[in-house]
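Single-structure report; data block below.
The values are calculated or read from the model by the stated rules, or taken from the named source; none is laboratory data. Since the model is a prediction, treat every value here as computed from it, not as a measurement. Cβ placement follows ideal geometry from the backbone for every residue including glycine, while neighbour counts extend to all protein chains displayed.
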Amino acid sequence: MAIAVKLDDLLHDRRMTLTELADKVGMTLANLSILKTGKARAIRFSTLDAICDALGCQPGDLLRFEPAAARKRSASR
């Protein structure tokens with residue numbers, strides 16, 4: 001996927017653990033971990049809203065478009 005999740009960077013910048021974020025957002029640690037590692041295939045707007053609220057960020061701070069990564073993956077298939 002050409003969308004990268006920068007959750008790890010935001011957590012580090014805010015000196016917050018994934019467990020603390022899970023408690024604030026009301027999500028399981030496992031689901032947040034899937035998002036953090038980039039293995040999530042989708043995200044609900046309500047989840048994105050809750051994460052941005054807890055981290056004090058904008059959706060663009062959390063997500064990044066990487067077109068080169070998408071081209072490399074499609075070429076290797």
*Are there any pairs, at least 6 apart or on different chains, whose C-beta atoms fall under 8 Å, with the first in segment 50-69 and among the acidic types (Asp, Glu) and the second outside any loop (DSSP other than H, G, I, E, B), and if so, which?*
Asp61/Leu10; Asp61/Cys52; Asp61/Leu55; Glu66/Ile3; Glu66/Ala4
*Among the residues of segment 17-49, how many are in a helix (DSSP H, G or I), touching a residue at least 12 places away in the same chain (Cβ under 8 Å) and aliphatic (A, V, I, L, M)?*
6
*Report, by residue number, each residue of segment 35-56 that is more than 15 Å from Lys24 (Cβ to Cβ) and not aliphatic (A, V, I, L, M).*
Thr37, Gly38, Lys39, Arg41, Arg44, Phe45
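Filter segment 1-43 down to the residues that are among the charged types (D, E, K, R) and under 25 Å from Ala68 (Cα atoms) and list them by number. Spell out how you get there, then give the answer.
To start, the set of residues in segment 1-43 that are among the charged types (D, E, K, R) comprises 6, 8-9, 13-15, 20, 23-24, 36, 39, 41.
Scanning segment 1-43 gives Lys6, Asp8, Asp9, Lys36, Lys39, Arg41.
Can you pull out every residue in segment 43-57 that is among the hydrophobic types (A, V, I, L, M, F, W, C) and closer than 17 Å to Thr19 by Cα?
Our first condition is that a residue be among the hydrophobic types (A, V, I, L, M, F, W, C); within segment 43-57, this holds for 43, 45, 48, 50-52, 54-55, 57.
Across segment 43-57, the qualifying residues are Leu48, Ala50, Ile51, Cys52, Ala54, Leu55.
Take the residues in segment 39-68 that are loosely packed, with under 14 Cβ neighbours inside 10 Å and closer than 18 Å to Asp8 by Cβ; name whichever of them is modelled with the lowest pLDDT.
Glu66
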